[in-house]
Amino acid sequence: MSAQQPATDISTAEGMGIFGRYLSIWVALAIIAGVALGQFAPSVPETLARFEYAQVSLPVALLIWAMIFPMMAQIDFSAVAGVRKEPKGLIITTTVNWLIKPFTMFAIAWFFLLVVFEPLIPAGLAREYLAGAILLGAAPCTAMVFVWSYLTRGDAAYTLVQVSLNDLIMLVAFAPIVMLLLGLSNIQVPWDTVLLSVVLYIVIPLTAGYLTRRILIARNGANWYEQVFMKRLAPITPAALIVTLVLLFAFQGEVILNNPLHILLIAIPLIIQTFLVFFIAYRWARHWKVRHCIAAPGAMIGASNFFELAVAAAIALFGLQSGAALATVVGVLVEVPLMLILVRIANRTRHQFPA
């Protein structure tokens, strides 16, 4: 490797850690463990299913909060003020994430799941899979985008601004977009159920993360917060995600064993959507002459998903045994390999952007 060639492989190893690099493998192992648990120890998921309040599984809710809270605690909303310096990157990211991505996801998933694959998937189940795709499309990435930004040598401060603004928009836009697209799909979900999901899995952890950050930085300083507290908090998200997926697949075991082809069929529109959204944002940024350190992370935000939120919303709206929940987990399964491909593409095309 020449001195001028970007050390993409080294950066990947250093930036993602063992969990991030092998996320798809961990998810696959969670599938195996969950299916085995459901088949050989069905009393475990059956017992956990009894702990519900207002149709919300309390054990799963606790695990989901554990997944989402560490990500919310790292967001510095005061950084949003820095957008005035280079607004083009933020305009592209927010437009793609909220005016393009949810609707292209809906269109692509609808076409494949309800039209192309109609002979292979029962109509009712196909609509549940479509609902899961809609939830993925309405939730742009929050946490992993910092990894993708690092791997493409992105501007970390600007990436923080992009993510922070997306989280603020998500507070008001997630529920209306989801309800609109579910309605277009003839999937009926009560408004109060969607709003409860938003409160449980966006408002509460976002507020808790903001207050935690503000209080602890005031007491111990920003350096201690980032280097000590956040590093201690970091392992909680992957651990909670894996346990949640094991429980999810304990309930989904029969569906997977009876329809293994469905995993592949769900993945196809998700893969197409990922590449499409990335190149829309990336080419737009190139046309507007946005710096690569802003363009690449911005395109990554739209291409990837806040899958923790999507999984949480699918479980809350449709249940652990739903096709919607399965579709969101397929999103987890395919995301990391696809994003690493896009990281490589972004690094190899860096010379096409302004220095």
Per DSSP H run of n ≥ 4, the term is -39500 (n - 2.57); total these for the chain, divide by its residue number, and report the mean residue ellipticity at 222 nm rounded to 500 deg cm²/dmol. -23500 deg cm²/dmol
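Net charge near Ala222, counting Lys/Arg +1 and Asp/Glu -1 over other residues with Cβ under 13 Å of its Cβ?
Overall, the nearby charge balance is +1.
Which whole-number percent is the relative contact order of the chain (Cα, under 8 Å, 6+ apart)?
Details: 488 pairs, mean separation 120.4, N = 355.
That works out to 34 percent.
Cut-off is 10 Å between beta-carbons; in what order do His262, His287 appear when sorted fewest neighbours first?
His287, His262
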The relative contact order of the stretch 67-189, taking Cα pairs under 8 Å that sit 6 or more residues apart, comes to a percentage of 37
R0 = 41 Å: FRET efficiency of Lys85 with Leu58, Cβ-based, nearest 0.05? 0.35
Among Val330, Val228, Val290, which one shows the highest mean-square fluctuation when the chain is modelled as a Gaussian network with alpha-carbon springs under 10 Å? Val228
About the Cα centre of the chain, what is the dipole size in debye to 20, counting +1 per Lys and Arg Cβ and -1 per Asp and Glu Cβ, all else neutral? 1240
At a Cα cut-off below 23 Å, give the lysines reachable from Lys101, other chains included and same-chain residues fewer than 8 away excluded. Lys88, Lys289
Whats the longest run of the chain with zero chymotrypsin sites (Phe, Trp or Tyr not before Pro) that are DSSP loop and have at most 15 other Cβ atoms within 10 Å? 52-287
Gain in length, Asn223 to Ile345, computed as 0.36 nm per residue apart minus the alpha-carbon separation, to one decimal in nm? 40.6 nm
Nitroxide proxy distance, nm - points 7 Å out along Cα→Cβ at Tyr210 and Ile268: 4.3
What helices does the chain have that are whole DSSP H segments, at least 30 Å long along their own axis by Cα, and with mean Kyte-Doolittle hydropathy of 1.0 or more? 156-184, 236-258, 261-287, 323-348
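Where a number appears in this text, it was derived from the coordinates with a stated rule and is not lab data. This one's a predicted model, so the numbers in the text were calculated from it and none came from an experiment. In this analysis, Cβ positions are derived from the backbone assuming ideal geometry, glycine residues included, and neighbour counts consider all displayed protein chains.
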